[in-house]
Structure formats: structure tokens, C-alpha cells
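Values in this text are rule-based calculations from the coordinates and carry no lab data. Worth saying up front: this structure is predicted, and the values here are computed from it rather than measured. When we count neighbours, we look across all protein chains shown, and the Cβ atoms used for this are built from the backbone with ideal geometry, even at glycine.
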Amino acid sequence: MKRVNAIITKLEKVPSAVWILLVGVSYVFANLYSLITTSDQMIASLNEYMAQMAVEFTGFVNNLAWVFYLETGLIGIILFELILMLVYRFLYNRRYVNNNMLHFKTVARVLYILANTVFGLLSLISFAAPAFELYNLYIIGFLVFTGAYLVIYLVLTESVVHPKYKGTAFMKLFSFYFLLEGLLNLVYFVIFLTAEDFDLHEKIASGVSLGVIALTAVLIYRFIAKPLLKQEKERIEIIPPEDTPSPPNEIFRGYGF
């Protein structure tokens, strides 16, 4: 992880605006299959409607696809950056991390971009086998992004997370993450299981995802969380948290604007 931190430190010289843009691009790529299928259906419906109205707006309608991609990228940026800021402030206000916000954000952005790229590449299989998209979305995607978030945290433990709180901070973040993932997938499973207009693949993928989430949670607790909590208890020297000033309230600080 120290080598990764060294690489990230060099990448911090790249303007934050570039990383934010790449977050949006990678988000669009990760959702490319669903975007293409959805936009094709939307354009076909609008073209049919225009034909019925005897109005020719084909060029305009086709341009809507690009607007759709742009909006998706912006939504991806806003959601990711908002969650990133909330997580950092949650950790900082409890003195779990230091005030190196730039390194924190750069680590998260770079690895999130890589996770989106991997997931997007796997999604390309769906063009040949459409049913694969459901398993990719509910199972493989969960594993890819959970792995990315886990690596992000482990990298940050070497540079940003306070040694006294490595296990505590980890348990708080990942407990919330797995609780949220479990509840959302449980809702999906109940909907798919009870509704008649969903096919067998949707029911299987959502059901298997619940087992994958539970198994992943147990394994991460056993091999990651417990050792980190043990390290906290075994620390002989107690280092008091540094007296750092409150993080600035400027929303766009660290974004290169």
C-alpha cells in the first residue's frame, strides 16, 4: 500500500478538475450498456411519436442521446463527490483522519475510476449476452466496487487514517455500506419475486446477490476488520489526535476551481 500511496502522491499534481471529469467519463462507461439500450428505446419511441404527428425531428431526437450521456456523467460526478465529501467530514469530525483532504480525494477518485473501467469492460459482454447484464449488475458489480472501496480504505490507512482508529473507522463505514447494500438488494429481490412481469434471470441474480453480500461481509469482517480492531487494542503507545483546524467550509476547495 505504501507504493500505491507514493503513486497517488505523484498523481496529486494533476488538477482536481481533470480527475472529476474522468469520474464522470468512467461513470458513463460503466453504465454504457444500459445507456445505449435505454436511449435506443427512447429514440425509437420519440421517432414513432413524431411520425404519428407528421413532424420530422429525427436529427433533434438523435441528439438527445448525447444529452442523455452528458446528464448521466454529471449525475455520476455529483453523487460521487457528494458522498466523498460526506464520508471525509464524517471521519474528520471524529478525528479518524488527518486534514490531508487532497490525498483522501485523489485516492478515492483514482480507484473509483479504475473500478468503473473494470465494470464497464465486463458490461461489454452484455452486448453479446443480454442476460449477463443482470448478473454483472447485482453480483459482479457489487464485488468490483466493494473491492475498490476496500482497497481505498487500506491505502488511506497508510497515510490519512489515524492509527488509533483504523478498526473503528473501518467498522463504521463498512457496517453502513453492507447494511445499505443488503436492504436495497432485499427490496429488489422481494419485488422481482412477487411481480409477474420480471423474468427468471432477474429473480436469480437478485437472490444470489443477497448470499454474496452476506458471505462477503463475513469474510471482510474475519480477515480485515478483526485484525484492524486487534491492532487498535494492541497499541502500547497512545498517540493523542493532533489539534487540527476545522476543515474549510468552501464547497469547491480542492476541486481546482
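In terms of surrounding Cβ atoms within a 10 Å radius of their Cβ, Y88, Y177 rank from fewest to most as Y177, Y88. Beyond 21 Å in Cα-Cα separation lie the following of the pairs K172/K233; K172/K230; K2/K233; K10/K226; K172/K203; K2/K172: K2/K233; K10/K226; K172/K203; K2/K172.
Listed from fewest to most Cβ neighbours within 10 Å, the set L70, L22 follows the order L70, L22. Counted by neighbouring Cβ atoms within 10 Å, the residues L86, L173 run from fewest to most as L86, L173.
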